[in-house]
Each structure stands twice: as C-alpha cells, then as structure tokens.
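The values are calculated or read from the model by the stated rules, or taken from the named source; none is laboratory data. A quick note: this is a predicted structure, and the numbers were derived from the prediction, not measured. Counting neighbours? That spans all protein chains shown, and the Cβs are built from the backbone with ideal geometry, glycine included. Quick note on the areas: whole protein, heavy atoms, side chains included, nothing else; ligands and nucleic acids left out. Shrake-Rupley method; radii C 1.70, N 1.55, O 1.52, S 1.80 Å.
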Amino acid sequence: MMLQLCYASERIESEQDLLQELSDILTTARNFNQQHQIHDVLYYSHGKFFQCLEGQAEVVENLFQSISRDARHHKILRFKDTIVEQSHFSKWSMKYVHKHSEISSLFSRLGWAQFEPHALQPLQLAEFLKILYRLEENQASLASPKGYKQRGYIPYF
Ligand SMILES: Cc1cc2nc3c(=O)[nH]c(=O)nc-3n(C[C@H](O)[C@H](O)[C@H](O)COP(=O)(O)O)c2cc1C
C-alpha cells in the first residue's frame, strides 16, 4: 500500500530557460526518488505543472513539503490523497510526459482551451491520470535543438 499525492501548480517565469529548468528538476528528482523508492509522473504544459507522487506516506509527505517550498512554482493545489495497492509508475523514479495531443483533447472536451489542471474535478482527475498511466514517457522533448530560440520556435511547450 502506498500513498498517491497529486497536485497542480503554476510555473514562476524566470530568466532560466524552461528546458534547462525541467531538466534540472528531473535530475534532482530522479536521484532523490530512486533513493527513497518514490515513483512519480510530471506533466508540464501551458505554464502549469501536474505531478503525482507515489510512495511510502511519510516520505511522500516530506517530499511534497519541500516541493511546495520550491520557488520555481506557486499556486499549488493539492488534490485529495488516495491509497494505491502498487505504483502506477514503478518503471520510473520520475516519468516525464510532455504536452500531448490526447491530453489536449481531454481538456478541450472538458471545455478548457488549454491545460488547466487546477480546474479538475475528481472524476476528471481520474480520467487524466488514466491517460498519464498509459502514455509513454518522452524525454526527447527536453533536448532542445540548438538555436531554436533564435528561430523563435518552441517545439513542445
Ligand atoms: C514541479 C516540481 C517537481 C519536483 N519534483 C521533485 C521530485 O519528484 N523529487 C525531488 O526530489 N524533487 C523534486 N523537485 C525539486 C524539489 O522541489 C526540491 O528542489 C528538492 O526536493 C530539493 O529540496 P531542498 O533544497 O529543500 O533540499 C521538484 C520541483 C518542482 C518545481
């Protein structure tokens, strides 16, 4: 039995390049999560994060406290915790999923023009999670093609 803790938050714009920031978060998270048997998924789109942490309750709770204090995001909304039999992300210490058409379709079906994780009601959250459980991880999106900024083209965000 493990705790599943999900939250939504909003990125705080910074000087730092988004791809670099995501890559830094993944590096920190993978080291820590692996050592503490935490498995999770992180989704980022339209300036918003959605993360779902799974692991031993106390460890997850402590990690969430430090994530909540992280100056890279704010407007943190914690959804209702649930207990899960086993992790949905056991293959990963952190599964990163980038902006995906299936998720965009879900949100437009729900009536939002863009990714609005703060607005999710419980059944909608369950639907969103089901997609995240199933989607392939995609880290390739974090490898920023050289010079893409100069071309004014941001591939995935
Ligand atoms: C959106 C987001 C998700 C994060 N997810 C994790 C995570 O899963 N595991 C982790 O160890 N750190 C994660 N971090 C980083 C933590 O917030 C924090 O930097 C890290 O726990 C080190 O905290 P400390 O400097 O208070 O020790 C995340 C940060 C952000 C902004």
Residue among Gln51, Gln16, Gln121 with the largest mean-square fluctuation in a Gaussian network model of the chain, springs linking Cα atoms under 10 Å: Gln16
Where the chain is the region considered: accessible area per residue in Å², 1.4 Å probe: 55 Å²
Length-normalised contact order for the chain - Cα pairs under 8 Å, 6+ apart - percent: 33 percent
The chain: angle of helix 18-35 to the longest principal axis, Cα-based, in degrees nearest 10: 20 degrees
Degrees, to the nearest 10: 122-134 long Cα axis against longest axis of the chain: 70 degrees
Peptide ranges 65-78, 17-30, 36-49, 86-99 listed from the most packed, as the mean C-beta count within 10 angstrom indicates: 36-49, 86-99, 17-30, 65-78
Alpha carbon convex hull of the chain, volume per residue in cubic angstrom: 112 Å³
Accessible surface of region 55-122 [probe 1.4 Å, protein heavy atoms]: carbon and sulfur percent: 51 percent
